[in-house]
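See structure below.
The values are calculated or read from the model by the stated rules, or taken from the named source; none is laboratory data. Being a predicted model, the structure only gives us computed values, none of them experimental. Cβ atoms come from the backbone with ideal geometry, glycine included; neighbour counts cover every protein chain shown. Each accessible area value is taken on the protein alone, full model and side chains, heavy atoms only, with ligands, DNA and RNA left out. Shrake-Rupley method; radii C 1.70, N 1.55, O 1.52, S 1.80 Å.
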Amino acid sequence: TGEAKLWENHDISKEVNGGWHDAGDFGRYISPAAVAVAHLLYAYMLFPESFQEEINIPESGNGVPDILNECRYELEWMLKMQDEEGGAYHKLTSAMHADFMMPEEDKSQFYLFPVSSMATADYAASMALASRVYAAYDKTFADKMMDAAKKAWGWLEKHPEYIGFKNPENCNTGEYDDVCDKDERLWAAAEMFVATGEEKYKSALEELCKENLGKTDFGWT
């Protein structure tokens with residue numbers, strides 16, 4: 001991908017190499033990334049004995065379980081997806097879905113799309129979770145993720161309202177939107193509290209647990 005331009009200001013570019021492709025296209029999206037990484041990290045935490053095999057990736061043999069080596073590849077990309085105020089860019093894609101081709105053949109310009117509260121909450125949760133897991137292997141990396149998680153939480157505190165995402169005109173890549181971010185904020189509060197033990201995250205978690213996350217919130221019928 002190399003340099004991606006901000007969708008809202010094409011004069012600003014940012015280096016965003018790395019990360020996993022989301023699906024059959026070559027876009028990368030924070031919410032799916034956060035959930036995918038979290039599932040793998042939770043699995044490792046619950047069943048570490050099942051993830052000791054080396055799987056012949058470039059990092060194999062470095063003293064770190066390969067599941068964590070692979071997750072780190074995604075997490076290092078995610079760290080690049082935070083803006084200066086702490087919000088997480090919703091997605092990194094080209095304007096339109098690529099044709100059927102190999103990734104290296106796609107020369108489309110990639111863009112960073114605006115921050116959303118859902119993506120930022122997912123980002124905070126996954127970074128806090130990862131900071132706990134990686135502390136035993138690379139404290140500097142773990143601290144960097146914890147700093148990113150706190151910065152994302154700070155953004156959420158400044159923006160208590162739901163800030164969703166809709167594709168702008170002339171863009172057809174995945175939207176991954178929602179109608180409510182309370183569940184994502186709850187996940188973030190829980191992981192922030194577990195990672196830090198700080199009372200403010202516990203209080204936020206308790207308040208979010210009182211919310212009625214029912215049909216009205218999510219637009220279900």
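Residues GLU157, GLU184, GLU169 ordered from highest to lowest accessible area at a 1.4 Å probe: GLU169, GLU157, GLU184.
With every protein chain kept in place and ligands, DNA and RNA left out, what is the accessible area per residue of the stretch 102-162? Probe 1.4 Å, answer in Å².
Values: 2600 Å² over 61 residues.
Counting only protein heavy atoms, the per-residue value for the stretch 102-162 is 43 Å².
Run the accessible area of the stretch 106-156 with a 1.4 Å probe and give the carbon-and-sulfur part as a rounded percent. List each step's numbers first, then the result.
Numbers: 820 of 1650 Å².
Of all accessible area on the stretch 106-156, carbon and sulfur atoms account for 50 percent.
To one decimal place, what Kirkwood hydrodynamic radius in Å is obtained for the chain from all pairs of distinct Cα atoms?
On the way: mean 1/r = 0.0550 Å⁻¹.
Kirkwood radius, the chain: 18.2 Å.
In the chain, once you exclude exposed trypsin sites (Lys or Arg not before Pro) (DSSP loop, at most 13 other Cβ within 10 angstrom), what's the longest stretch remaining?
Details: sites that count: LYS107, LYS166, LYS210.
Counting at most 13 other Cβ atoms within 10 Å as exposed, the longest clean stretch of the chain is 1-106.
3J(HN,Hα) couplings calculated from phi for the stretch 108-119 with the Karplus curve 6.51 cos²θ - 1.76 cosθ + 1.60 (θ = phi - 60°) are, in sequence order, 5, 5, 9, 10, 9, 9, x, 4, 10, 6, 4, 4 Hz; Gly and Pro show x. In this structure the stretch 24-79 gives 49 Å² per residue of accessible area when probed at 1.4 Å with all protein chains present. Each residue of the stretch 3-11 was assigned a 3J(HN,Hα) from its phi angle through the Karplus expression (A = 6.51, B = -1.76, C = 1.60, θ = phi - 60°), giving 8, 10, 9, 5, 4, 7, 7, 5, 7 Hz with x at Gly and Pro. What pairs from LYS182/LYS210; LYS5/LYS80; LYS91/LYS182; LYS150/LYS210; LYS158/LYS182 go past 18 Å between their alpha carbons? Cα-Cα > 18 Å for LYS91/LYS182; LYS150/LYS210; rest within. In a DSSP loop and with at most 16 other Cβ atoms within 10 Å, the GluC sites (Glu not before Pro) in the stretch 41-113 are GLU53, GLU54, GLU59, GLU84, GLU85. Shown in residue order for the stretch 31-47 are the 3J(HN,Hα) couplings computed by the Karplus curve 6.51 cos²θ - 1.76 cosθ + 1.60 at θ = phi - 60°: 4, x, 5, 4, 5, 4, 4, 4, 4, 5, 5, 4, 4, 5, 5, 7, 9 Hz (x for Gly and Pro). Would you please state which residues of the stretch 109-150 a label at GLU15 would reach in this model, taking the label point 7 Å out along Cα→Cβ and a backbone N cut-off of under 16 Å? Hits in the stretch 109-150 for GLU15 at 16 Å: none.
With the full set of protein chains in place, find how many percent of the accessible area of the stretch 1-100 is carbon and sulfur; take the probe as 1.4 Å.
Whole-percent figure for carbon plus sulfur exposure: 53.
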